[in-house]
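The values are calculated or read from the model by the stated rules, or taken from the named source; none is laboratory data. These figures come from a predicted structure and were not determined experimentally. For neighbour counting, all protein chains shown are included, and Cβ atoms are generated from backbone atoms with ideal geometry for every residue, glycine included. Please note that ligands, DNA and RNA were not included when accessible areas were found on the heavy atoms of the full protein model with its side chains. Shrake-Rupley method; radii C 1.70, N 1.55, O 1.52, S 1.80 Å.
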Amino acid sequence: MKKLPLITLLSFFILIPTIKADNCITHDNYKECTKTTNHYYFFLKPYTAADFTSQKANPTPTYTLSSQYEAWQNTKEKKEITLLETQKEKEECKEDCWDLNEFYTQYIAIENSPNIERIKDNNYAKYIDGQYGKYHGHLGWKINISDDAWENTITCNSGNLSECNIPEPEFSESDKTKLINATIKTNNKVELIRTNDSDKPDDYIQVTRRINENDEFPDSNTSGNKNSSSKKLQAFNGNVYSPILYKVAVEEKTNQCIENTAKVSGKCNETSKIQSTCGKKTINTGNSYANIEINQEAYVTNILTPKTIYQGGGIKFGFIYYNKVSWKFAEGEIIYGEKDDISATVQKMLISDIANNISVNASFIEGSKQNKINLIKQCKQSGSFTEGETLITTCTFLLPDSEVKLGTGKVNYLTTSNNGINNSYYTNLNYSGEGYIKAELSNLNVLDTNDDWGNNWTLTYDGENDDSCKVNVTSRLYKPDQSNEYAFIYRPIDLNNPFPNRNAGVNWYDWYNISANKERLKTSYSKLEYQVELDNQSVSKIKEYNNNNNYLNWTGIDEETEKSDFVNNYNIKRTQEGGNP
Amino acid sequence: MKWSFASVGMIVLGIIGVMVIVLFQQITTSNENDYYLLKEITEASMIESIDIKYYRETGDLRIVKEKFVENFTRRYSESTLFIGTKYTISFFDIIEVPPKVTIIINTGIENYRIYNDVSDYNVVNNLTGILEFTGKNTSSKDSSEVYTKDKTFEKTYYAISYSGTRGDITRTFNEPIKLPKELDQSNISNIEPEILSTEVIKGNNIEEILAARLNEPIDWAKRENSQINLNKINQDDYIEGISGFESAIYNCENKQEKYQCDKNYKDNVWIYWEGSIQDSEQIAIIKFNIKFTYDEYEYK
């Protein structure tokens, strides 16, 4: 067996007290994971000579608060850590081995840390992330609960962390040895208390120190090394100091949303629904903690019409998406800290640009050809995503506006959708047979909860296997055998008897059955519309024009007036005698 | 002597006869060539002037008048080697829908001489051509067989009415519909609509409300309320029911007096309903299941 390097083994054991593997239990609509985090609270009380005497005679508590103080009530493990003084104590220490040097090192680090966290109302305290857990400084302090303000606290203007009045650190690294030499050991009681006075905040950490009877305040002539076990102290800045290190192991239960919906198959011209509840989601801002429940349901309605179209004709296709999402605090759960804090964090879960986040891929398949359809997405929201309220998101995914060229019928799709659902997608002129829609809508969740929830919110439409998304494209312009041979015929006719011994064709029948139209045909020669005279010179010019212009080119025909540049320029007279075109 | 004169006369007559024959042969051959050219060029020009845009939008054939005139003139000029005199091409009453063209080509005056007789002639060719879709029953001589009769098509329409007159609990709705695309074709006629069923859509029926919203711009020629506030999808904002409900579907030709018709939509089918609703601010969505009976001249 390979031997691990000694340092790796030591590191492993040092880390054990702080890290425990997450234990998770999966429920129907959430996952509950338990993790233990150690929190260390640093207290330091200075005593002048007079305070020392007074405290010795009559121990009085001081009051403070610190981060996550509420957790002290339910924790399984909370204790004062003995601060070791001698080498022997250190050698015999097995767990939570802190000495004064280490205490003051971390205390000074907290004082000089830029990190602050909210304790209560507009009051903050400092912290650092330490080797064994989180190390907390404490809020200012009060001698009397009835005092209005906290002494020496950090306040931030309206919660704006860039506008905080942070007292200057009292100590620096160079003060450590002097602090150690000025330290007294006291018998301490640290507890979270609750008052019932409705005019004052009701939670406090009460710290009561009892100075040993035999301890004396050092006089100015006292010198000596603290570590020599003499009880000789050396005052620092006229004070002696009583440090307390308090450990609270907080078992944090974190609840996460889980994915509990399957991918949904949609049908055309119907509404599909995706619904999911996240039973519990833990919101932990550092200052506040709560479990919330989130409900979300989404509807997607599709339209595909007509179901039968002639080849080259247009189909209308689109979606409307409707989402309702709301949240509330989980029932029966305690809320720690500020509700506003929690609400602000929950608000950040909303995806900011829903339209771009939702993915829509759609195609219209005609035979072997798959033609991508670019749908224009537009979304709007109303309502609010605050506790107990509902946020509604409505999106449309619609065909873009299109330009169809006069003559050639070439289709150009634009990037706007002003005509909305009335826009058309034009089928292939040459294809007849079965056409169908294939589409996938994904990322239909409007929240990013930083877990698996909503990852499966996908809706698919598969016209290959679902008749609702099929379109019957009938032959019309071309014969049905796909030969590119026109289905219509050209016929010279006799104006007096255009359809001898048979009925008029489909596009002529109703028109010809109107008497006025029959008469119009017979008198065609009385309505001269255009006339042109050709001689050798004009024919030469026209032949030259033909060399540079294709007969199928429509650019010379004005899209609005349908007048021909050629007719304008080549001496063709318009006589205006013709009837309605 | 007289026999020799007779012989000369016979020869001269023969020559004259041959000249006449040659002249007519020349004219008819030239005319036949010209007519053939006219026919072919007319066909090509008509096909090249088909407006595919119109076809895409309606399924019908249409030619663009001036594109036809242009292409015909260009093609005809291209096919001509030498013109002795001026050709005149005249276009008469071109119909774009259904496509029909009438053309006369006058080749101009030519002179001819037979013996000492000098005169002139001109050749005129005329043609009327059409483009025609043949149907399943086009070849039948019986016009009653042209249309396949009494075909049916069903469709759902959602009539959305937002508000009535404040204080007045009778709500009236009267709007023209658009026919479904399957029926909005020139080969469909004698459309008779009929209401099969109606249903009040309630506020908790989100699926139907969304379907109504999505279909509204497609199904209605003009709408009373073009925007339904989707934020208002809760029960209280929608009617629960209507009392004294009455509805009708009609054409302007056969409408009853109390039904509206707007001259801009006189050819449309209209839907009417009325009923008593307690809250004039509530949204009413009535779902109509409509059956259309129609005749179709089927394409081949």
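Each residue, A:D129 and A:N187, gets one label point 7 Å from its Cα in the Cβ direction; the gap between the two is 4.1 nm. The listed peptides A:278-289, A:293-304, A:528-539, ordered by packing as a protection proxy, come out as A:293-304, A:278-289, A:528-539 (highest mean of other Cβ atoms within 10 Å first). Pairs of Lys residues in segment A:251-314 are counted when their Cα atoms are under 22 angstrom apart and they lie 8 or more places apart or on different chains; the count is 4. Taking the Kirkwood radius as Rh and the Cα radius of gyration as Rg, the protein assembly as shown has a ratio of Rg/Rh equal to 1.28.
Determine ³J(HN,Hα), in whole Hz, for all residues of segment A:497-514 in sequence, where each value follows from phi through the Karplus function 6.51 cos²θ - 1.76 cosθ + 1.60 and θ = phi - 60°; x replaces Gly and Pro. Whole-Hz 3J(HN,Hα) from phi for segment A:497-514: 8, x, 10, x, 6, 7, 7, 5, x, 4, 8, 10, 4, 5, 5, 6, 6, 8. Taking each of A:K527/B:K300; A:K35/A:K120; A:K527/B:K266; A:K470/B:K149; A:K573/B:K86; A:K380/B:K178 in turn, the alpha-carbon distance tops 22 angstrom for A:K527/B:K300; A:K35/A:K120; A:K527/B:K266; A:K470/B:K149; A:K380/B:K178. Each residue of segment A:350-355 was assigned a 3J(HN,Hα) from its phi angle through the Karplus expression (A = 6.51, B = -1.76, C = 1.60, θ = phi - 60°), giving 5, 6, 6, 10, 4, 4 Hz with x at Gly and Pro.
Report the calculated FRET efficiency for A:N165 and A:I334 (r = Cβ-Cβ distance, R0 = 51 Å), to the nearest 0.05. Mind showing how you got there, number by number?
Details: r = 31 Å, r/R0 = 0.62.
Result of the calculation: an efficiency of 0.95.
Our coupling estimate for segment B:284-300, obtained by passing each phi through the Karplus curve with A = 6.51, B = -1.76, C = 1.60 and θ = phi - 60°, is 10, 10, 10, 8, 10, 9, 10, 10, 10, 10, 8, 10, 10, 8, 6, 5, 5 Hz, Gly and Pro reported as x.
Taking amide H positions as modeled 1.01 Å from N, with prolines and chain starts lacking one, the residues under 5 Å from A:L304 and 5 or more places away or on another chain are A:N269. From most to least packed by mean Cβ count within 10 Å, the peptides A:555-561, A:440-446, B:73-79 give A:440-446, B:73-79, A:555-561. For A:D99, the residues whose amide H sits under 5 Å from its own are A:L84, ignoring neighbours fewer than 5 places away on the same chain, with H placed 1.01 Å from N.
As a test of the definition: with a 1.4 Å probe, what buried accessible area, both sides summed, do you compute for A against B, in Å² to the nearest 100?
Its buried surface, counting both partners, is about 8600 Å².
I'd like the carbon and sulfur percentage of the solvent accessible area for the protein assembly as shown, probe radius 1.4 Å, heavy atoms only, ligands and nucleic acids excluded. All intermediate terms of the calculation are to be shown ahead of the outcome.
On the way: 19920 of 43620 Å².
The nonpolar share, carbon plus sulfur, comes to 46 percent.
Report the extension gain between A:N548 and A:D353 in nm, rounded to one decimal, defined as 0.36 nm multiplied by the number of residues separating them, less their alpha carbon distance.
Length difference between fully extended and current span is 65.0 nm.
For segment A:456-581, the square roots of the Cα gyration tensor eigenvalues, ordered a ≥ b ≥ c, give a/c of at least 1.5 with a/b no greater than b/c, which places it in the oblate category. Can you compute the modelled spin-label distance between B:Q260 and B:N234, with each label point 7 Å from Cα toward Cβ, in nm? Placing both labels 7 Å along Cα→Cβ, they lie 3.2 nm apart.
With contributions of -39500 (n - 2.57) from each DSSP H run of at least four residues, the per-residue ellipticity at 222 nm computed over chain A stands at -4000 deg cm²/dmol. Subtracting the Cα-Cα distance of A:N412 and A:Q275 from 0.36 nm times their residue separation leaves 45.5 nm of extension gain. Counting charges near B:K67 (Lys, Arg +1; Asp, Glu -1) among other residues having Cβ under 13 Å from its Cβ returns a value of -2. Normalised per residue, the accessible area of the protein assembly as shown is 50 Å², obtained with a 1.4 Å probe and no contribution from ligands, DNA or RNA. Counted residue by residue at 0.36 nm each, then reduced by the alpha carbon distance between them, the extension gain from B:S189 to B:S276 reaches 27.7 nm.
Report the antiparallel proportion of the DSSP beta bridges in the protein assembly as shown as a percent, rounded to a multiple of 5. Spell out each step's value before the answer.
Values: 198 of 210 bridges.
Around 95 percent antiparallel, to the nearest 5.
Around the amide H of B:G203, modelled in the peptide plane, lie the amide H atoms of B:Y238, all under 5 Å away and 5 or more residues distant in sequence or on another chain.
For the pair A:E434 and B:I16, what calculated FRET efficiency results from E = 1/(1 + (r/R0)^6), where r is the Cβ-Cβ distance and R0 = 60 Å, to the nearest 0.05? Don't jump to the answer; show the numbers that get you there.
Numbers: r = 73 Å, r/R0 = 1.21.
In this case the efficiency is close to 0.25.
Using a 10 Å cut-off around each Cβ of peptide A:453-460, what is the average number of partner chain Cβ atoms that fall inside? Walk me through the numbers on the way to the answer.
Values: counts 0, 0, 0, 0, 0, 0, 0, 0.
Per residue, the average neighbour count from other chains is 0.
Just to confirm the filter: which GluC sites (Glu not before Pro) across segment A:69-157 are DSSP coil and have at most 11 other Cβ within 10 angstrom of their Cβ? Sites meeting the loop and neighbour criteria: A:E95. Sparsely packed loop sites in segment A:108-208 (the trypsin sites (Lys or Arg not before Pro) outside DSSP H, G, I, E and B with at most 16 other Cβ atoms within 10 Å) comprise A:K185. Spin-label pair B:E78-A:T34: with each label point 7 Å from Cα along the Cα-Cβ axis, the two points sit 8.9 nm from one another. Between A:K541 and A:D467, the FRET efficiency estimated from the beta carbon spacing at R0 = 56 angstrom works out to 0.40.
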